[in-house]
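The block underneath contains the structure these notes are about, expressed in structure tokens.
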Amino acid sequence: MKVLGIETSCDETSASVVECQNNDIGILSNVVSSQVKLHAQWGGVVPNLAAREHLKNIIPVLKLALKEANAAPADLDLIAVTNGPGLIPALLIGTSSAKTLSYFWEKPIIGIHHIEGHIYANFIYKISGISQPKAGPPRAEKLKTKISFPVLALVVSGGHTQLIYMKRNMSYKIIGQTLDDAAGEAFDKVARILNIGYPGGPVIAQRAMEFPISNNQFSNKYKIPNIKYQIQLPRPMINSKNFDFSFSGLKTAVLYETKKHTRLLKNKDYIAELCHEFQQAVIDVLISKTIEAAQKYNPKTIMLAGGVAANSELRRQLGKAIKNNLPAVTCILPSIKYTGDNAAMIATAACFRWKKMSVLQKKKALQNWKTLDTDANLKLK
Ligand code: KG4
Ligand code: ZN
């Protein structure tokens, strides 16, 4: 079957056509139109501006996704749209468009939770040989979807930081989450304090790479004597006896650090050391909690999800920590191109959800355009 996915929960307008066959998923197209440049001048996403951009972009993005997939509306079997959580003005552009298409094209429609989409980006992890056309965009990527359950997912995005236990497909138990800021949000806020650009994650990761010491997981860098500025930030809640997180105090610690050394803010070495120490503090906490959660819940697979999953140090150190501490557990990292917001992950999640639905539920999905809700605080069920 062919699924049209639509994602507009934040600042990317995206549409994708995905083909699901048994356990194989083929990404026929995945068009993402980013608004990052527009929001950069404000240092964060402005919801109403995002909605206007989505409105401008949604039809060209949909047309291109269908064209690249070489698919006509008649070829589609299902429409899947992110219906929360996210910015309500932004979400509404996606859900209204999807519902209208469902009505006119007489196709079933289902809502997908944004975080469910991020998790299922991990099910798009092996690209192999579907025959490619001589010209034009690639036909499809053949993707391996055999994943051993139970799964422990570490979700790290701009809006969420959660440890989620999945006994089977589409089953979620949140075993820990942030009590305040999300990890990506902390990256964005720290970049703002340092005035080094937006979004914060990629720029901090870049600046951190300029710091000359490459750390190992659970760094002992305090013991290395030749660090120029000796910046030490806290690892919040690293010793708490639960799997919750807190990153707001870490951001404040960065603020205090910069207030002590305002004249160093133009100093490249200082910024590099501060970015490195901040990034390492986030990574230390994320990895330590993930390993402890895995020791308690015994998953067969650990996966990383969300925009922060693009962070190369987090990917490297998580992989290493799992190998060293949990050799029987498989670590799956999403392909970088599916870590940020995109519609392929939404359509992929929809393939799995559709498979779990009864005949009656599938029939009812033809009428879902009447009732499908859009919820800024949608809960993962
Ligand atoms: O999942 P996502 O695209 O949007 C939300 O659902 O929130 O995540 C965006 C977040 C932003 O906070 C961004 O700074 C962060 O992901 N991010 C990164 C990196 N790339 C993006 N954080 C750390 N390192 C990166 N390389
Ligand atoms: Zn996201």
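Quick note: the coordinates plus some simple rules give every number you see, no bench work behind them. As the structure is a prediction and not an experimental result, all values here were calculated from the model. With ideal geometry, Cβ positions are generated from the backbone for all residues, glycine too; neighbour counts draw on all protein chains shown.
Details
- Every residue from the range 323-344 that is closer than 26 Å to His113 by Cβ and among the hydrophobic types (A, V, I, L, M, F, W, C): Val329, Cys331, Ile332, Leu333, Ile336, Ala343, Ala344
- Selection count, the range 297-319, where residues are outside any strand (DSSP E or B) and either within 11 Å of ligand 1 (Cβ to nearest atom) or free of Cβ contacts under 8 Å to residues at least 24 places away in the same chain (or both): 12
- A residue that is surrounded by fewer than 16 Cβ atoms within 10 Å (Cβ to Cβ) and of a type in the set (Val, Ile, Thr) cannot be found anywhere in the range 64-87.
- Total residues in the range 94-118, condition over 23 Å from the mean Cα position of the chain (by Cα) and within 16 Å of ligand 1 (Cβ to nearest atom): 0
- Pairing residues of the range 327-348 that are farther than 13 Å from Tyr120 by Cα with residues that are of a type in the set (S, T, N, Q), at Cβ distances under 7 Å and at least 6 apart in sequence or on separate chains, gives Val329/Thr301; Thr330/Ser148; Thr330/Thr301.
- Every residue from the range 204-213 that is over 17 Å from the mean Cα position of the chain (by Cα) and either assigned to a helix (DSSP H, G or I) or within 16 Å of ligand 2 (Cβ to nearest atom) (or both): Ile204, Gln206, Arg207, Ala208, Met209
- Among residues of the range 180-195, those that are more than 12 Å from ligand 1 (Cβ to nearest atom) and in contact with a helix residue (DSSP H, G or I) (Cβ under 8 Å, 6 or more places away or on another chain), counted: 3
- Every residue from the range 323-348 that is under 13 Å from the mean Cα position of the chain (by Cα) and within 21 Å of Leu91 (Cβ to Cβ): Tyr338, Thr339, Gly340, Asp341, Asn342, Ala343, Ala344, Met345, Ile346
- Qualifying residue in the range 284-302 (condition: farther than 16 Å from Ala153 by Cβ and in contact with a Ser or Thr (Cβ under 8 Å, 6 or more places away or on another chain)): yes
- Checked against the criterion of being more than 15 Å from ligand 2 (Cβ to nearest atom), under 29 Å from Glu12 (Cβ atoms), in contact with a strand residue (DSSP E or B) (Cβ under 7 Å, 6 or more places away or on another chain) and of a type in the set (A, V, I, L, M), the candidates Leu333, Leu304, Leu378 yield just one match: Leu333.
- Pair list, Cβ < 6 Å and 6+ apart or interchain, from the range 152-177 residues that are within 13 Å of ligand 1 (Cβ to nearest atom) to residues that are among the aromatic types (Phe, Trp, Tyr) and not in a loop (DSSP other than H, G, I, E, B): Thr161/Phe245
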